[in-house]
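Before any comments, here is the structure.
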Amino acid sequence: MNGNEKGLSLIEVLVSLVILVIGLIGVFNLHIISKQGSFEAYQQTQASFLANDIINKMKLNPQEFADYAGTYPTAEPDEMNSCNNLNAICSAADMRVADLAEWSRMLLGRSEMDGENAVGGVESAQGCIFVNDNDVTVAIAWRSIKQIENRAEGGEYIADWDICGEMANSRKRLLVVNTVINGV
């Protein structure tokens, strides 16, 4: 080889391509991790919205306050009753039934539909409402896309981990909102 030749050898080009491919793989992995984190944040935001939604509905219907307690959805929610009509006059019990049916639909993701498919809400959501005098606890459990260590075996066991939802602990997420509703 003549020492005055200029240009790149095939080995230099291949080394450059390997370095470029390794960098691109890192960028793609970062993109996947950021999409997962974004989805997890969306799920938690939706769960927070659902918990606050039912608490506000309970505040607006103090006569039926204690009867909101339960686990939802227990089955497919009933069709909306006449209380969902803005001009309807409803009893407090009818309003509670309408509130819980709407909340169950939201837990199932039926507040947003794409044709026949429910696309709203959180993944496999279960909502639990506990009422004790004026104290209210609303728990929303859902299935995450990422696994975590088993909380019962991992040393940081959360005492109320099993209060709502019957899914495996490795993918379960739980949001618990405790509040006091005065004037009941």
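Read the figures in this text as sums done on the coordinates, not as results from a lab. Note that this is a predicted model, so its numbers are computed, not measured. Ideal geometry is used to build each Cβ from the backbone, glycine not excepted, and the neighbour counts take in all protein chains shown.
Here are the numbers:
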| quantity | calculated |
| --- | --- |
| Neighbourhood charge, 9 Å Cβ-Cβ cut-off, centred on residue 145 and excluding it, Lys, Arg +1 and Asp, Glu -1 | +1 |
| Peptide ranges 37-46, 121-130, 15-24 listed from the most packed, as the mean C-beta count within 10 angstrom indicates | 121-130, 37-46, 15-24 |
| Residue 163/residue 27 FRET efficiency (R0 41 Å; Cβ-Cβ; nearest 0.05) | 0.50 |
| Residue-span extension gain [residue 55 to residue 112] - 0.36 nm each, minus C-alpha spacing | 18.4 nm |
